[in-house]
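Chemist: Quick one: this structure, given as structure tokens, is what I'll be asking you about.
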Amino acid sequence: MMPTMTADMNQLPQHLISHGTALNNTIRQVAGSIGTTILVTIMTQQTTEHLAKSITTSTIDGSNDAFLFATLLVLIVLLFSFFLRTPKVNREK
């Protein structure tokens, strides 16, 4: 997270860095909570679906499905990361 945070903060003028840091921390906390909620929801639904097939491995199968979703999401984000541009440093003094 440090390189992306540094790149983000370099885009802001000096007097807005404190606001940018606060906003970045808030968004990171909220996104982490939403991501956890989505993965637990997927795991619970898939565990319930796999419960009809096999009682012994339903929790493992539900967890595997949640991890598969997370892996696919990471691959999509990785693909988008190749389109990032080098930021221009523009600091006001």
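The values are calculated or read from the model by the stated rules, or taken from the named source; none is laboratory data. Predicted model, so just to flag it, every value in this text is computed and none were measured. Every residue, glycine as well, gets a Cβ built from its backbone with ideal geometry; the counts of neighbours run over all protein chains shown.
Chemist: State yes or no: is residue 15 closer than 30 Å to residue 85 by Cβ and out of contact with any Cys (no Cβ under 7 Å at 6 or more places or on another chain)? Write out each step before concluding.
Modeler: Working: closer than 30 Å to residue 85 by Cβ: yes; out of contact with any Cys (no Cβ under 7 Å at 6 or more places or on another chain): yes.
Yes, satisfied.
Chemist: If you take the residues of region 42-58 that are β-branched (Val, Ile, Thr) and surrounded by 15 or more Cβ atoms within 10 Å (Cβ to Cβ), which of them is modelled with the highest pLDDT? Steps first, please.
Modeler: At the first step, the residues of region 42-58 found to be β-branched (Val, Ile, Thr) are 42, 44, 47-48, 55-57.
If we keep only those that are surrounded by 15 or more Cβ atoms within 10 Å (Cβ to Cβ) as well, we get 42, 47.
Numbers: 42: 95, 47: 92.
That would be 42.
Chemist: Filter region 62-93 down to residues that are assigned to a loop (DSSP other than H, G, I, E, B) and at pLDDT 75 or above and give me whichever is farthest from residue 11 (Cα to Cα).
Modeler: Kept after step one, since they are assigned to a loop (DSSP other than H, G, I, E, B), are these residues of region 62-93: 82-93.
Still in the running and at pLDDT 75 or above: 82-85.
Values: 82: 19, 83: 17, 84: 14, 85: 12 Å.
Per the stated criteria, the residue is 82.
Chemist: Here is a check on your reading of the model: is residue 26 within 16 Å of the chain's Cα centre (by Cα) and surrounded by 10 or more Cβ atoms within 10 Å (Cβ to Cβ)? Explain how you work it out, then say what you get.
Modeler: On the way: within 16 Å of the chain's Cα centre (by Cα): yes; surrounded by 10 or more Cβ atoms within 10 Å (Cβ to Cβ): yes.
So residue 26 fits the description; yes.
Chemist: Hey, among the residues in region 1-28 that are part of a helix (DSSP H, G or I) and touching a residue at least 40 places away in the same chain (Cβ under 8 Å), which one's farthest from residue 78 (Cα to Cα)? Walk me through how you get there before you give the answer.
Modeler: Filtering region 1-28 down to residues part of a helix (DSSP H, G or I) leaves 2-10, 14-28.
Of the ones still in play, those that are also touching a residue at least 40 places away in the same chain (Cβ under 8 Å) are 7, 10, 14-15.
Details: 7: 17, 10: 22, 14: 30, 15: 32 Å.
Of everything passing the filter in region 1-28, 15 is farthest from residue 78 (Cα to Cα).
Chemist: Give the residues of region 40-61 that are of a type in the set (A, V, I, L, M, F, W, C) and part of a helix (DSSP H, G or I), sorted by residue number. Reasoning before the result, please.
Modeler: Within region 40-61, the subset of a type in the set (A, V, I, L, M, F, W, C) is 40, 42-43, 51-52, 55, 60.
Passing the criteria: 40, 42, 43, 51, 60.
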